[in-house]
Amino acid sequence: MKTVTCNLLRKNKKNNNKKTVALDVEGISQGQWTTFLLELNLMKKAWKPYGVNVELKAHSIKKIIAQGTSNGETLREARRDSKKVKEYGIRYNNLERSNVSSVHGSKRSY
């Protein structure tokens, strides 16, 4: 059984209303659990403009949210420079065009 606790706090001028929800989830796989936590995080972000601050507590939730909301920054750093890729593509296309033969067997020049 996996447990997530949500503390809902609405900041108001008169008083602070704090409500707590505890969800005990059974029969969920690791992938489903990750998706579930990411969806709760989306709900948290959606309610923030309305003055509702949600605090999520679960085992390794920070790591799950960090990996689930990344947009591949580490992959981009490992890629080659885009200029080099572009230059390689142009050179490859020129090489390919110079070796193209027509139907009759003679080479075309571009």
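For Lys57 paired with Leu23, estimate the spin-label separation in nm (one decimal), with each label point 7 Å from Cα along the Cα-to-Cβ line.
Placing both labels 7 Å along Cα→Cβ, they lie 1.6 nm apart.
Using only alpha carbon pairs under 8 Å that are at least six residues apart, calculate the relative contact order of the range 2-71 and give it in whole percent.
39
Can you tell me the mean projection area, over all orientations, of the convex hull of the range 2-71's alpha carbons? Units nm², please.
With the hull built on Cα positions only, its mean projection is 5.1 nm².
Read-outs: derived from the displayed coordinates by stated rules, not from any lab. All figures in this text were calculated on a predicted structure; none of them were measured in a lab. No Cβ is skipped: glycine too gets one built from the backbone with ideal geometry, and neighbour counts run over all protein chains shown.
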